[in-house]
Amino acid sequence: MKSFDVVTIGAGGASYPAAFRLKKAGFSVIMIDDKGIMSGNCLAEGCVPSKAIIETVHTYKRISDFGDFRINYRDILKRKDKVQILRNGLHRKELEEAGIEILKGVAKIIDSSTVEVKTEAGNIKLNYKHLIIGSGAYTYMPQIKGIEYAITSADLFRIDPKIKDLPESIAIIGGGYIGVETASYMSIMGSRVELIERSDRILMDMDPEIVGKLEPLLPDMRVHFNNSVISIEPDGDGYKTTIIDNNGKSDSVITACVMMATGREPLIPEGTEEAGIKFNRKGIIVNSSMQTNIPNIYATGYVNGIAPLFHAAKRQSLIAANCIMSGDMPVDRFQDNCVPFTVYTIPNMSFTGITPEKAKELGIKYIKSKYKMADDSLAEIYNEPGGELDLIFDEDMKIIGGYVIGNDAGNIINEISMGLSKGLTARDFAELPHQHPMTFEGLDSAARKLF
């Protein structure tokens, strides 16, 4: 049996940052991944390819203001594929330079020092001193009659995807961020979008104040609120999706395509329970240093359910590495109160820290200052005046949260998160001369209103 200092289950953002740092520090490391490549779902079928499409469509929308302009959806997919192939090549080069091995297979946890890997050549057992579980998540598929007729985001975003042409119409089941992002870009490209949501609003897990300001700015789509899906069945060249509302009234929508966007679930490796590792519905239970109840076993990224985001997974991976290098001592901890989150609709919506709804739940008195995109030079240049930037401070004028809707939201939110992590005040934001003409100016403009 081969022995390693560190074994990772997964080779995505929850695993490879730790693998690189530990290898550089002299640890023997091997990563186990069912795809056999260093990417994770983010590059294979998630954030990178989806944003490659969304950013191209956003550019298309801006250009379309100048006249009748058309772009072929297949050309957008070619650009997406090119980005994925390029990044896969960069990852292979990084692996070669670091001298880290990836074993293609599916891992089963045997105990606190052993994993068994099912490979094409047979089962292999590996011994470890430290284990990092970064197995990610899978697309949740509810038990619906005719579910086999539905596609998932993977069918849109993988290299050489199943869906190569823009559907004339699409029913998207689920009003979470994946569903709403997809609805947004497909509507702009010309698809008729039917979004089916079982609750009374989209983006149900997010602050209603922020979502309420985003909704009027979204492209055209028909949203069926308070509806559950009963069945999906072929109907001519398309599909009929039968739905039922909270009052028991049924209806149906006919579309060329049906997509499941009902969320993702943590991928708990086989043997987790038998090995004594505690987990619940949200994922594997960890402390702020990413340690499970077995100190030499860590769980990072989506599988622990704390912050299901690639950038959070990378940080958690490095926390695990730092603790491993310190003999499994909890020397580093994850700050989950300052992780930025962006919904890549068109326009974007970003938030971080304590939002208004959370502040009210916690009984925190707060002061909020706003900057409207209608007053922003760059938003005017792009002809995108909708949205706003809001900074949220406590009574001592210390930043506790914020959100941005509209131009450059996904970039600006990072500075607000940095302010949270460093304990910055309204005066700190007000006194920094942000570059003109950039929407970042909204940060000091909003903060100055409080003085």
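The values are calculated or read from the model by the stated rules, or taken from the named source; none is laboratory data. Please read all numbers here as calculations on a predicted model, not as lab measurements. Heads up, the Cβs are rebuilt from the backbone with ideal geometry, glycines too, and the neighbour counts pull from every protein chain shown.
Observations on the model:
- Criterion violated by HIS311 - all others in (1) part of a loop (DSSP other than H, G, I, E, B); (2) not assigned by TED's automatic domain parsing to the domain that holds MET204 satisfied: (1)
- Unmet criterion (only one of (1) of a type outside the set (A, V, I, L, M); (2) exposed (fewer than 13 other Cβ atoms within 10 Å of the Cβ); (3) in a strand (DSSP E or B)) for LYS118: (2)
- Cβ-Cβ contacts under 8 Å between residues 6 or more apart (or on different chains), taken from a first residue in the range 154-173 that is farther than 20 Å from ILE232 by Cα to a second residue that is surrounded by 18 or more Cβ atoms within 10 Å (Cβ to Cβ) and among the β-branched types (Val, Ile, Thr), are listed as PHE157/ILE53.
- Sole exception among (1) part of a loop (DSSP other than H, G, I, E, B); (2) outside the structural domain of TYR73 (by TED's automatic domain parsing) for LEU156, by number: (1)
- Of the listed requirements (1) surrounded by 14 or more Cβ atoms within 10 Å (Cβ to Cβ); (2) at pLDDT below 95, ASP205 misses just one: (1).
Each row is one residue, and each column tells you yes or no for (1) without any contact (Cβ under 8 Å) to a residue 24 or more places away in the chain; (2) closer than 25 Å to PRO161 by Cα; (3) in contact with a Ser or Thr (Cβ under 6 Å, 6 or more places away or on another chain); (4) in a strand (DSSP E or B).
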site: VAL211; (1), (2), (3), (4): no, no, no, no
site: LEU214; (1), (2), (3), (4): no, no, no, no
site: PRO219; (1), (2), (3), (4): no, yes, yes, no
site: SER228; (1), (2), (3), (4): no, no, no, yes
site: THR241; (1), (2), (3), (4): no, yes, no, yes
site: ILE244; (1), (2), (3), (4): yes, no, yes, yes
site: VAL258; (1), (2), (3), (4): no, yes, yes, yes
site: THR262; (1), (2), (3), (4): no, yes, no, no
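- Condition check for GLY410: in contact with a Pro (Cβ under 9 Å, 6 or more places away or on another chain), in contact (Cβ under 8 Å) with a residue 40 or more places away in the chain and either among the small types (Gly, Ala, Ser) or not in a loop (DSSP other than H, G, I, E, B) (or both): yes
- Considering residues of the range 368-388 that are in a helix (DSSP H, G or I) and of a type in the set (D, E, K, R) only, the residue nearest to ASP65 (Cα to Cα): GLU380
- Selection count, the range 163-188, where residues are of a type in the set (Gly, Ala, Ser), farther than 25 Å from ARG70 by Cβ and part of a helix (DSSP H, G or I): 1
- In the range 42-89, the residues that are free of Cβ contacts under 8 Å to residues at least 12 places away in the same chain and in a helix (DSSP H, G or I): GLU55, THR59, ILE63, SER64, ASP75, LYS78, LYS82, LEU86, GLY89
- Within the range 325-349, the set of residues being in a loop (DSSP other than H, G, I, E, B) and either free of Cβ contacts under 8 Å to residues at least 60 places away in the same chain or hydroxyl-bearing (Ser, Thr, Tyr) (or both) comprises SER326, GLY327, MET329, PRO330, VAL331, ASP332, ARG333, PHE334, TYR344, THR345.
- Criterion: in contact with a Lys or Arg (Cβ under 6 Å, 6 or more places away or on another chain) and either over 27 Å from ALA313 (Cα atoms) or surrounded by 19 or more Cβ atoms within 10 Å (Cβ to Cβ) (or both) - qualifying residue of ALA359, ALA426, ALA430: ALA430
- Positions within the range 245-284 being under 21 Å from GLY146 (Cβ atoms), surrounded by 15 or more Cβ atoms within 10 Å (Cβ to Cβ) and in contact with an Asp or Glu (Cβ under 7 Å, 6 or more places away or on another chain), in sequence order: VAL253, THR255, ALA256
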